[in-house]
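S.K.: Quick one: this structure, given as structure tokens, is what I'll be asking you about.
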Amino acid sequence: MISQLPKWVELGAFFLALIAGCINAIGLLGFEHQSVSHLSGTATLLGTEFLSLSLQKMFHLVGILLSFLGGACIAGFLLHGSTLKLGRHYDTALIIESILLCVSSWLLISGSFYGHFLASAACGLQNALATTYSGAIIRTTHVTGIFTDLGIMLGSVFKGQTLDRRKTKLFLFIIFGFILGGTFGALLYTKFAFRALFVPATVCLIMAVFYRVYAKNHS
């Protein structure tokens, strides 16, 4: 049951969703209205580009898809499984995400579109951090699945089933964090352009430190 999740999960999920929403907003505003925290839109754009046969755009879109996959591979290598467990190298993954975002910002400021790839890799890595635990699938870089699961739960309530309040709370934390992250991302981009990516990078580092201290004290 999701009620077995440790208390720090909601807070961690909120801040991860906040980071993803912030990165995605910067992507939408600065990467030709292209998202980087999830791949549905990118895959659709790639499909449409097959008609125009623009090799440069196709290369760019394929690069984003593969970069997201590469980021998820890094998390898979570090965490050795999808089950949420205290003591795993979540802090290491967050540090790597921070580095990817910093380098992405530097490349984009320099005018290199390769920065898009690193931002996508950072999101892929983070999305793989969100794990499966007691039947609950937690993803923080997009909210389509969260809204779907929430809708299923609410529909079940109309059939007389009991609402899982802990699960609902977790989903609402993720949704609110992602939306709020989008607001912050938009504000930061208008003031700092691609330097705005240093903010979610810093939040990743802070989370890594807090996790390391928490894990050490509760191991």
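The values are calculated or read from the model by the stated rules, or taken from the named source; none is laboratory data. Not measured: the values here are computed from a predicted model. Methodologically, a virtual Cβ is constructed for each residue, glycine included, from the backbone with ideal geometry; neighbour enumeration extends over all protein chains shown. Side chains included, ligands, DNA and RNA excluded: accessible areas come from the protein's heavy atoms. Shrake-Rupley method; radii C 1.70, N 1.55, O 1.52, S 1.80 Å.
S.K.: Name the residues in segment 10-31 that are farther than 23 Å from R166 by Cβ, more than 10 Å from the chain's Cα centre (by Cα) and in contact (Cβ under 8 Å) with a residue 60 or more places away in the chain, would you?
M.R.: Scanning segment 10-31 gives A25, I26, G27, L29, G30, F31.
S.K.: Any idea which residue in segment 165-188 is least open to solvent (accessible area, probe 1.4 Å), counting only those that are out of contact with any helix residue (DSSP H, G or I) (no Cβ under 6 Å at 6 or more places or on another chain) and of a type in the set (K, R)?
M.R.: K169
S.K.: Among the residues of segment 122-132, are any surrounded by fewer than 18 Cβ atoms within 10 Å (Cβ to Cβ) and either within 19 Å of the chain's Cα centre (by Cα) or not in a helix (DSSP H, G or I) (or both)?
M.R.: Yes.
S.K.: Tell me the residue from T141, T202, T148, T162 that is polar (S, T, N, Q) and open to solvent by less than 70 Å² (accessible area, probe 1.4 Å), please.
M.R.: Of the residues listed, the single one that is polar (S, T, N, Q) and open to solvent by less than 70 Å² (accessible area, probe 1.4 Å) is T141.
S.K.: I've got another one for you. Do the conditions hold for V209, that is, is it at negative phi, crowded, with 17+ Cβ neighbours inside 10 Å and not aromatic (F, W, Y)?
M.R.: Against the criterion (at negative phi, crowded, with 17+ Cβ neighbours inside 10 Å and not aromatic (F, W, Y)), V209 does not qualify.
S.K.: Could you run through segment 28-63 and say how many residues are closer than 19 Å to T190 by Cα, open to solvent by less than 70 Å² (accessible area, probe 1.4 Å) and not aliphatic (A, V, I, L, M)?
M.R.: Residues that pass the stated criteria total 4.
S.K.: Can you report the number of residues in segment 26-61 which are within 26 Å of A193 (Cα to Cα) and of a type in the set (V, I, T)?
M.R.: Residues in segment 26-61 being within 26 Å of A193 (Cα to Cα) and of a type in the set (V, I, T): 3 in total.
S.K.: When you check T141 against the structure, is it within 18 Å of A196 (Cα to Cα) and at pLDDT below 80, yes or no?
M.R.: Yes: the conditions hold for T141.
S.K.: Let me ask you something else. With the condition kept exactly as written, say whether any residue in segment 190-208 is under 30 Å from Y114 (Cα atoms) and of a type in the set (S, T, Y).
M.R.: The answer is yes; a qualifying residue exists.
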